[in-house]
Amino acid sequence: MILAGQMPALTIVLPVFAGFVAVYLYRRSTGLPVSIISGARMGWITGIFCFVIMIVFLAFSAVAVYNDPGLFREQMASSGVPQASIDQAREVFSTPSGVLFFLVLFFLMFTGLPAAGGALGAKFLAKEQ
């Protein structure tokens, strides 16, 4: 079981790892060297796919919360989040600017971190010449 304190670290480490794995799998399947720029580009594309998948899941979640407004409150309360934080989150996500802000933030996170992981993968997986 993942503890709540570990979740922020996972949200940073997993996208970086995804970009690293993309470069590793490419090098393993083709045997071709990958430059740091190409690794970053490969990680960025991996991040685009991750972002699209995340948007689909968020859309399904938003529809579920829209159909049953008490569901969001129950889920947040069962995870130990204070009521004031729940109300603040509902207020932020009820405005278009709040939703847009988080979409841009998630886009930058889900594309920037895998790009960094891809660049690191290209750097560390380069064969010694």
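The values are calculated or read from the model by the stated rules, or taken from the named source; none is laboratory data. It should be emphasised that the depicted structure is a prediction, and the values quoted were computed from it without experimental measurement. Ideal geometry is used to build each Cβ from the backbone, glycine not excepted, and the neighbour counts take in all protein chains shown. Heavy atoms of the whole protein, side chains included, go into the accessibility calculation; ligands, DNA and RNA do not. Shrake-Rupley method; radii C 1.70, N 1.55, O 1.52, S 1.80 Å.
With viscosity set to 1.306 mPa s and temperature to 10 °C, compute the Stokes-Einstein D of the chain, Rh being the Kirkwood radius across alpha carbon pairs; µm²/s, no decimals.
96 µm²/s
Which of the listed residues, Phe93, Gln75, Pro33, is farthest toward the dipole's positive end in the chain, when Lys, Arg count +1 and Asp, Glu count -1 at the beta-carbon?
With unit charges placed on the Cβ atoms, the residue in question is Pro33.
Can you tell me the orientation of helix 36-67 relative to the chain, as the angle in degrees between its alpha-carbon axis and the longest Cα principal axis, to the nearest 10?
The answer is roughly 20 degrees.
Counting each DSSP H run of 4 or more residues in the chain as -39500 (n - 2.57), what helix-only mean residue ellipticity at 222 nm follows after dividing by all residues, to the nearest 500 deg cm²/dmol?
-28500 deg cm²/dmol
Using a 1.4 Å probe, how large is the accessible area of Thr95, given in Å² and rounded to the nearest 10?
60 Å²
Rounded to the nearest 10 Å², what accessible area does Glu91 show when all protein chains are kept and the probe is 1.4 Å?
Rounded to the nearest 10, that gives 130 Å².
State the Cα centre-to-centre distance between segment 1-75 and segment 80-129 in whole Å.
After rounding, the separation between the Cα centres reads 9 Å.
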